[in-house]
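The values are calculated or read from the model by the stated rules, or taken from the named source; none is laboratory data. Keep in mind that what you see is a predicted model, and the values were worked out from it rather than measured. Here the Cβ is made from the backbone with ideal geometry for all residues, glycine too, and neighbour counts use every protein chain on show.
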Amino acid sequence: MQPRYNPKLKMSLPPLGFGVMRLPINSDGTFSVEVHSLLAEAYECGINYFDTAYNYLGGHSEELIRDAIVAHYPRSSFYIADKLPVWLCADKSDMERIFQIELERLGVDFIDFYLLHGLNRSTWADAYSNGVLDFIEQKKREGKIHKIGFSMHDDVQTLKLILDAYKWEFALLQINYYDWIALRAKENYDLLEERGIPCMVMEPVGGGRLAKLPDDAEKLMTTVRPNDSIASWALRFIANLPNVVVTLSGMSNSEQLLDNISVFSTPKPLSDTEQTVLNDVADILSNSNTIPCTYCRYCLEECPKDIAISHIFQIYNDCAMFEHARALNLEYNIIIPQSRRGGNCVECGKCADRCPQKIDIPQQLKMVHNTAVGLALGVDVGKLKENLPSESLVICFGAGEMGCNALAVLRECGCKIDYFCDNAEHLWGTEIDGVETISPSQLCKLHQSQKVQVLITSGYHDEIKAQLGEIGISTVS
């Protein structure tokens, strides 16, 4: 890949940069030999722009760049983009402390491209009042920063406020063919172009969401370009925007690396037919009822309950896009540990404050959790209350983990649970959050004297349904 000279920055840069935010990391904060080799391969192929941040990969991404790149190649032969987490800085002393940590982690004396990280209207106002512009100006005078910019996830009005406050040398924006219209990314891009400010691009493939699409969307693409990857369509869209200097891609293997390089080495303008395909695909995605999560994991840094937010949303989106609704229950309950599921959310709101996409994370976690529980029960929990006769006793058959999950969700929906029932003798007489567990024989006696409605809250659904059918008890599902 050949670098391209940018007259505004007065330097030559590769059109494709390496974003390290999503590289796999070991539990002890180390990286595999394969990860190191991938960064080295990228460098040898001409990708010498590496984007990192103080908080990426649990605070270890800067060390990765140090060990994989800084330790092996001349400092003048590559560029590092790093970021100041303004939300962690109450004053200039915090900024200085974090900046020095970043230099130490990277093993360098200066940072080529330094960004104020993840600005929105709120964080920008705080950072501005805390003197962040004076701080970065001082670092540039000291030669510690060469180019000053910012990354932003907000609307064009906020972008105008930020641009009016300083003579920025570049900006990093989230742009892809879906966000172009859906999240009005075009307005932000056009404003940078109008102001003559070079644009760097993040999330060109939507955090990977645009690399794997519903079948009908992929068919539109493969019919026109059968030999091209689905991800390459998203990258070609960005490659043809004239004010984009560097596009960051979070490549995770050599195959992705070479595919991405092929797009930017010889850019192919989108034909009218291809642009129509992208518009149609964006429409399909808009109607897929997915959560607009890019899996950046910023929310995880703030969650006091360590809920697996991005993983939960990824499972939900995959099931929604590919219309595998029943798989949501299976994957959610098997893959996500009980302690990290959405039902444990305390709705503190810290995650939503950090979300670049402005997702109401607590509400979406509740939605996914309730949907998964409802699928497990074979009912729509949102409509369950109106389908239960008020004069009936409501009994959940199954007092295990699924029963515990169901109780919280059903209560939240306004459903009163009178008893649990279970075939396990050791559970008879025990309680789950104030609800007694009875035996099947006790259930029979209740059925003989009054109306009962039984909801199966066990993985042995078919067996229990047959068991109840033998004694004349029908189930809600």
Matching residues in the range 116-131 - criterion: being of a type in the set (Phe, Trp, Tyr) and more than 16 Å from Leu172 (Cα to Cα): Tyr128
Output for Cβ contacts, cut-off 9 Å, separation at least six or different chains, first residue free of Cβ contacts under 8 Å to residues at least 60 places away in the same chain in the range 93-113, second in a helix (DSSP H, G or I) and aromatic (Phe, Trp, Tyr), reads Met95/Phe135; Glu96/Phe135; Phe99/Phe135; Ile111/Phe99
When the residues of the range 134-156 are filtered to those that are part of a helix (DSSP H, G or I) and in contact with a helix residue (DSSP H, G or I) (Cβ under 8 Å, 6 or more places away or on another chain), which remaining residue is surrounded by the most Cβ atoms within 10 Å (Cβ to Cβ)? Phe135
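For the range 80-101, which positions are within 17 Å of Val70 (Cα to Cα), buried (at least 23 other Cβ atoms within 10 Å of the Cβ) and not β-branched (Val, Ile, Thr)?
Those that are within 17 Å of Val70 (Cα to Cα), buried (at least 23 other Cβ atoms within 10 Å of the Cβ) and not β-branched (Val, Ile, Thr): Ala81, Asp82.
Go through the range 180-239 residue by residue and tally those that are free of Cβ contacts under 8 Å to residues at least 12 places away in the same chain and surrounded by 22 or more Cβ atoms within 10 Å (Cβ to Cβ).
0
Of the residues that sit in the range 263-314 and are among the charged types (D, E, K, R) and either in contact with a Lys or Arg (Cβ under 9 Å, 6 or more places away or on another chain) or in contact (Cβ under 8 Å) with a residue 24 or more places away in the chain (or both), which one is surrounded by the fewest Cβ atoms within 10 Å (Cβ to Cβ)?
Here the residue is Asp306.
For the range 315-413, give me every one of the helices (runs of 4 or more DSSP H) that falls completely inside it and has 1 or more residues that are modelled with pLDDT under 90 and exposed (fewer than 15 other Cβ atoms within 10 Å of the Cβ).
Of the helices (runs of 4 or more DSSP H) lying wholly inside the range 315-413, those with at least 1 residues that are modelled with pLDDT under 90 and exposed (fewer than 15 other Cβ atoms within 10 Å of the Cβ) span 325-335, 381-387, 401-412.
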